[in-house]
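Asks: Before I ask anything, let me first share the structure, which is written out below as structure tokens.
Bear in mind that the values in this text are calculations on the coordinates, not laboratory data. Just so we're clear, the structure is a prediction, and the values are computed from it rather than from any experiment. So basically every Cβ, Gly included, is an ideal-geometry build from the backbone, and we count neighbours across all protein chains shown.
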Amino acid sequence: MALAAAAATLPLLSTGSALADPIDGPAIQLADVPVQPPLPFPVPPTPPGFDPAFYRPAPETYLDKRPGEIIAARQVNLANLSLLPVNVDAWQLSFRSTNSRDEPIAAVATVMKPRGYVADRPLFSYQIAEDSTGNYCMPSYQLQMGSIPAPITGSILVAAQFLEVQAALAQGWAAVVPDYQGPDSAYAAGPLAGRITLDGIRAAENFSPMELSGTATKVGLMGYSGGAIATGHAAELKSSYAPELNVVGAAAGGIPADLSAALKLANGNLSSGLILAATLGVSREYPQLSTFLDRHLNPLGRALKFVKDPLCAMYQSYLIPFGDNIGMLDADPFQDPGVLDVLDKTRMGKTTPDMPLFLFQANMDWLIPVGPVNTLVDTYCADPNARVEYTRDHFSEHLTLDPIGAPRALLWMKNRFAGIPATPGCRTTDVGSMTLDPATWQVWNDVVGTTIAAAFGHPIGSR
């Protein structure tokens with residue numbers, strides 16, 4: 001009650017001068033919304049499942065809003081591993097988005113910026129690999145001070161990849177981290193993730209405390225593995241769904257370009273538990289897949305569906321590795337028209353992104369096969385306007401390539417923000433290991449220094 005009273009006494013902060021209509025073009029004026037204050041120490045944040053007013057607001061509160069228009073806002077305190085403070089300005093935004101059936105939904109993103117004002121600050125949209133079906137695994141919850149720590153929840157990927165966001169903040173960039181799986185935690189539902197990602201950028205640009213330049217803001221997209229699903233689909237959808245955004249580059253690695261290939265590779269493989277979770281996640285967004293599973297899962301499959309329903313990524317991986325996912329079905333999913341339709345809708349390569357791309361993939365990836373990524377690059381590069389830099393790493397595998405490849409991706413993005421033109425056309429480079437690139441070594445040195453300094457209260461990004 002005290003917090004509610006405090007919020008009611010706050011002055012209204014303007015959340016956006018103008019938002020471009022994604023269809024017709026004219027700008028609209030957003031209504032001001034109150035920004036709730038951060039929780040006082042040591043009050044812990046409420047998990048999303050127990051916070052419906054913010055994560056699942058009543059539809060009448062957003063049905064008349066445009067995609068990206070803000071529903072509610074609140075200031076938050078961020079931390080590494082829920083304990084070590086990160087000294088940046090940060091807020092959560094609840095905003096209107098659109099699901100893959102063109103229905104309005106509410107979504108949430110965490111926006112942050114270094115302390116102080118910088119003119120023409122770029123915006124870094126990082127899609128963390130949530131890879132989970134439990135709503136308490138959402139980045140917006142896991143990144144907060146006082147949340148249940150990642151080693152307990154199993155959201156270890158959120159904690160690890162948040163370091164890459166801090167590397168971006170240390171460059172002086174603003175950042176937005178969307179809960180791109182949506183309110184139902186639809187893990188691996190790519191078109192949904194792409195739309196929420198783009199609307200999260202819209203919301204960030206129109207939230208005045210972020211001090212951005214609206215649609216003139218230079219935006220970069222980046223994600224790895226599950227985050228590459230959101231990043232890739234956002235890049236492809238940008239020209240049709242959010243043409244007003246000034247996206248200057250997109251970087252992605254460990255790219256699940258074709259879920260059917262990942263499903264086949266995972267059967268009896270170490271990755272079977274995580275890929276089964278992705279199947280369950282996609283079924284939350286596509287009723288035809290949900291119907292197929294309900295009809296054809298055997299008793300073991302039904303039991304696993306129930307057990308896996310609330311789990312975060314780490315426990316999803318631990319539960320039934322080397323499992324026979326296809327053997328838990330009494331019908332061939334690759335012969336069912338409804339399943340094939342879902343696999344087609346979630347496959348990348350429908351449209352060539354209209355911004356430069358930096359893609360990287362482990363040739364020996366045991367989770368996400370390299371073949372569909374090669375095909376995706378060939379598909380993009382059939383377009384004479386494509387700008388693609390593709391690096392194949394021959395000594396890394398899926399888990400190690402993320403920290404190894406991220407520094408090069410961040411340096412590539414730094415050049416895009418600086419206005420340095422990307423290399424025209426397409427280029428594929430095969431390397432032994434991306435870690436042998438000496439230009440990238442300083443990036444992680446800076447991350448370590450930034451993290452240690454932030455733990456002692458030093459503001460990230462200050463000079």
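Asks: Compute from the Cα atoms of segment 28-248 the Rg and the Dmax, the latter being the longest Cα-Cα distance, and quote both in angstrom.
Replies: Over segment 28-248's Cα set, Rg and Dmax evaluate to 15.5, 45 Å.
Asks: Please report the spacing between the Cα centers of segment 39-97 and segment 205-284 in Å, no decimals.
Replies: Here the two parts' Cα centres lie 21 Å apart.
Asks: Place +1 on the Cβ of every Lys and Arg and -1 on the Cβ of every Asp and Glu in segment 189-342, take the dipole about the Cα centre, and give the residue among TYR318, GLY194, PRO337 whose Cα lies farthest towards its positive end.
Replies: Checked the options; the winner is TYR318.
Asks: State, as an integer percentage, the relative contact order of segment 151-275 based on alpha-carbon contacts under 8 Å between residues 6 or more apart.
Replies: Working: 140 pairs, mean separation 24.8, N = 125.
In percent, rounded to a whole number, it is 20.
Asks: Defining a contact as two alpha carbons under 8 Å apart and six or more residues distant in sequence, what relative contact order in percent does segment 28-248 show?
Replies: Working: 495 pairs, mean separation 49.6, N = 221.
It comes to 22 percent, rounded to a whole number.
Asks: Further, regarding this structure: Quick one: LEU276, LEU367, fewest Cβ neighbours within 10 Å first, how do they rank?
Replies: Values: LEU276 23, LEU367 20.
Fewest-to-most ranking of LEU276, LEU367: LEU367, LEU276.
Asks: Put a dot 7 Å past each Cα toward the Cβ at ASN374 and THR291; how far apart are the dots in nm?
Replies: My value for the distance between the label points is 3.8 nm.
Asks: Tally Lys/Arg at +1 and Asp/Glu at -1 over every other residue whose Cβ is under 13 Å from the Cβ of ALA386; what's the total?
Replies: -3
Asks: Along the Cα→Cβ direction, 7 angstrom out, place labels at ILE452 and ASP354. What is the inter-label distance in nm?
Replies: 4.6 nm
Asks: Using only DSSP helix segments of four residues or longer, with each worth -39500 (n - 2.57), what per-residue ellipticity at 222 nm results for the chain after dividing by its residue count and rounding to 500?
Replies: Working: 16 runs with 169 residues, N = 463.
Calculated at 222 nm, the ellipticity per residue is -11000 deg cm²/dmol.
Asks: For the residues LEU280, LEU221, LEU297, what sequence is obtained by ranking on other C-beta atoms within 10 Å, fewest first? Display every interim value, and only then the final one.
Replies: Numbers: LEU280 23, LEU221 32, LEU297 17.
Lowest count first: LEU297, LEU280, LEU221.
Asks: Round to the nearest 0.05 the FRET efficiency obtained for ASN363 and ASP64 when R0 = 51 Å and r is the Cβ-Cβ distance. Before the final figure, lay out each step's value.
Replies: Numbers: r = 50 Å, r/R0 = 0.97.
Calculated value: 0.55.
Asks: May I pose another question? What dipole magnitude, in Debye to the nearest 20, does the chain give about its Cα centre under +1 on Lys/Arg Cβ and -1 on Asp/Glu Cβ? Display every interim value, and only then the final one.
Replies: Numbers: 29 positive and 42 negative charges, 149 e Å.
For this selection, approximately 720 debye.
Asks: What does the extension gain come out to for ILE420 and ASP344, with contour length at 0.36 nm per residue minus their alpha carbon separation?
Replies: On the way: separation 76, 0.36 × 76 = 27.36 nm, distance 3.56 nm.
In short, 23.8 nm is gained.
Asks: Mind pulling up the Rg/Rh value for the chain? Radius of gyration and Kirkwood radius, both on Cα. Write out the running numbers ahead of the final one.
Replies: On the way: Rg = 20.8 Å, Rh = 22.1 Å.
That ratio equals 0.94.
Asks: If r is the Cβ-Cβ distance from TRP441 to VAL307 and R0 is 45 Å, what FRET efficiency results, to the nearest 0.05? Please report the intermediate quantities before stating the final value.
Replies: Numbers: r = 42 Å, r/R0 = 0.94.
Efficiency at R0 = 45 Å is approximately 0.60.
Asks: So how do HIS296, HIS233, HIS398 line up by other beta-carbon neighbours within 10 Å, fewest first? Spell out each step's value before the answer.
Replies: Values: HIS296 16, HIS233 30, HIS398 19.
Starting with the residue having the fewest Cβ neighbours, the order is HIS296, HIS398, HIS233.
Asks: Something else now. HN-Hα J couplings of segment 207-212 from phi, Karplus 6.51/-1.76/1.60, θ = phi - 60°, integer Hz, Gly and Pro as x?
Replies: For segment 207-212, the Karplus-derived couplings read 9, 4, x, 6, 6, 9 Hz, x marking Gly and Pro.
Asks: Bins of 10 Å, beginning at zero and ending with the bin holding the largest distance: percent of Cα pairs per bin for segment 272-331, please.
Replies: For segment 272-331, the pair-distance distribution reads 24, 60, 16.
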